[in-house]
Structure formats: C-alpha cells, structure tokens
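**Q** Dropping the structure in here first, questions after.
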Amino acid sequence: MLFRKEFLEGIRAGAVTLAFRRWRRPSVREGGTLLTPVGQLSIRSVEPVTLNQISEEDAHRAGYKSRQALLDELQRRSEGEVYRIVFGQLRPDPRVELREAPVATEAEFEGLRRCLIRLDARAPEGAWTVRTLETVESHPGVRAGDLSGLVGQDKELFKVNVRKLKNLGLTESLGTGYRLSPRAEALLRALRAVRWTQSVGQPDGVPKL
C-alpha cells in the first residue's frame, strides 16, 4: 500500500486518518502495521464499502478536497472491491533506530550473520547479501539500476533484496540510491575480521567486538 507525497505529509501531521483503495484482495489487515516513509502506521480496520457509503467527511479525512475527487480516483479502476482503511497510531520506523544500533556482542554478530546466510540460502541466484552490502558501501548514492548491473541482478530483484537488508537495519534509502547504516558498517568489519582470521590459519569463530 503506497501513498503519494501529499498524503504522507497529511499522515505525518495527523490530518489524514483513513484511506480508500480498490483491491481484489486487501494488502493490509486489521490490527497490522504498515511501514511508510514517515513511520510505522498501525491499521485499525479494513472493511469493504460501496461508493454510496463514502461521505464528504470521509473524503476530507482521506486527504481529498472533495468526495467527487476521491470517487474519480477510485473509478479509474473497475476491478476489485472498494475498501475503507482506518489508521491508528503513527510510530517511528523501527528500522531507523535499528540502523544506529551497534553490533556490540558476539551474539548479535552471530544472529545477523545467520540472517544473511538464510537469505542467501533461499535465493535462486545464490549468495548475494554480502556482495550487495559491499557494492552499496563502495557506491553510496548511486541509482539502483546502475548498482544492479554491478552485482549481476535485475533492477527490480536488486531493489527487493536491498529492502530485505533495510529491514535488518543495514541499508538506508537516499534521494538517489542507498548507503550503509552504522550497523552494516560494523557488521562488515566483523565479517572481514573473520575472513582475515581464517586466511592466516587462526581458529574459526566470531570476532571480539
């Protein structure tokens, strides 16, 4: 569920408190949450409605100047039902705090390393996580289309993969491209320390952090 910039600003200000969408199947659920560029939005309710049930007040609460403007947008698509989505509290994006969190213990390092291993194991294209992190590290602020070529991936697959790393607090989206978070920088330092230890014949294990 995506929002245009003007609606995001309304959500941030508390002026936009609901939305309407025409869906074949809802992409959010009652009691769930939705990560947006302005924070984590809780979803209070999701229910099907008819166009006749939408009031002028509903349209204003959804960020539209008039009921007719909202109806015009909903009628651009003919497939699916119309749903009324009521928002709850807007909280800070938990990934922002996570990005700044240090990899302070061996247990945290090992947990992150295992997350990367699982992501690599599930990918048909093979291991990609560390390669992607190192590519972003070397090319901050570079467009996804250019970065995807450097790692040998389709652009859309690359963007999906970067979002997976973002959910772990490892990458941050910029106006153009991405950069590593402090958490990712610490993780890469630790991974490189393990590689160096193994290369000189020292016992395997996690580094002292």
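**Q** Sort 31-39, 182-190 by packing, meaning the average of other beta carbons within 10 Å per residue, with the highest value first.
**A** Going by the mean number of other Cβ atoms within 10 Å, highest first, we get 182-190, 31-39.
**Q** Can you work out the Karplus-derived ³J(HN,Hα) for every residue in segment 43-59? Use 6.51 cos²θ - 1.76 cosθ + 1.60 with θ = phi - 60°, whole Hz, and x for glycine or proline.
**A** Taking θ as phi minus 60°, the curve returns 9, 7, 7, 9, 9, x, 9, 8, 4, 5, 7, 7, 9, 4, 5, 4, 4 Hz for segment 43-59.
**Q** Further question: Would you please classify the overall shape of segment 5-90 from the alpha carbon gyration tensor, given that a ≥ b ≥ c denote the square roots of the eigenvalues, rounded means a/c under 1.5, and beyond that prolate means a/b larger than b/c while oblate covers the rest?
**A** Oblate.
**Q** I've got another one for you. For Cα pairs less than 8 Å apart in space and 6+ apart in sequence, what is the mean separation divided by the residue count of segment 5-90, i.e. the relative contact order in percent?
**A** 44 percent
**Q** Using Cα centres only, tell me the gap between segment 90-157 and segment 8-60 in whole Å.
**A** Between the Cα centres of segment 90-157 and segment 8-60 lies a distance of 30 Å.
**Q** What pairs in LYS5/LYS159; LYS5/LYS155; LYS65/LYS159 have C-alpha atoms more than 32 Å from each other?
**A** In this structure, LYS65/LYS159 lie more than 32 Å apart at Cα.
**Q** Given contacts defined as C-alpha pairs under 8 Å and at least six residues apart, what's the relative contact order of segment 95-199, whole-number percent? Don't jump to the answer; show the numbers that get you there.
**A** On the way: 109 pairs, mean separation 37.8, N = 105.
RCO, segment 95-199: 36 percent.
**Q** Where in the chain are the helices, taken as whole DSSP H runs, whose Cα atoms extend 15 angstrom or more along the long axis and whose Kyte-Doolittle mean reaches at least -1.0?
**A** Details: long enough: 106-122 (24 Å, -0.45); 155-167 (18 Å, -0.91); 182-199 (26 Å, -0.34).
Length and hydropathy pass: 106-122, 155-167, 182-199.
**Q** Quick one: compute the contact order of the chain, relative version, from alpha carbon pairs under 8 angstrom and 6+ residues apart, as a percent.
**A** Averaging sequence separation for qualifying contacts and normalising by length gives 19 percent for the chain.
**Q** Which log10 I(q)/I(0) values does segment 22-157 give at q = 0.17, 0.19 Å⁻¹ under the Debye formula, counting every alpha carbon as one identical point scatterer?
**A** Here the Debye-derived log intensity ratios amount to -1.06, -1.13.
**Q** Which length gain, in nm to one decimal place, applies between VAL49 and GLU9 when the Cα-Cα distance is subtracted from 0.36 nm times their residue separation? Each step should come with its number before you reach the end.
**A** Numbers: separation 40, 0.36 × 40 = 14.40 nm, distance 2.54 nm.
Fully extending the segment from VAL49 to GLU9 adds 11.9 nm.
**Q** Using only the Cα atoms, work out Rg/Rh for segment 95-199, with Rh taken as the Kirkwood radius, to two decimals.
**A** Computed over Cα atoms, the ratio is 0.95.
**Q** Along the Cα→Cβ direction, 7 angstrom out, place labels at GLU125 and SER173. What is the inter-label distance in nm?
**A** Spacing of the two 7 Å Cα→Cβ label points: 1.8 nm.
**Q** Moving on. So what are the ³J(HN,Hα) numbers for segment 30-42, from phi and the Karplus equation (6.51, -1.76, 1.60; θ = phi - 60°), rounded to whole Hz, Gly and Pro as x?
**A** Listing the rounded values in order: 4, x, x, 10, 9, 7, 10, x, 9, x, 8, 9, 7 Hz.
Every number in this text was worked out from the coordinates using simple rules, so none of it is lab data. If you're wondering where the values come from, they're calculated on a predicted model, not measured in any experiment. Glycine gets a Cβ as well: all are built from the backbone with ideal geometry, and neighbour counts include every protein chain shown.
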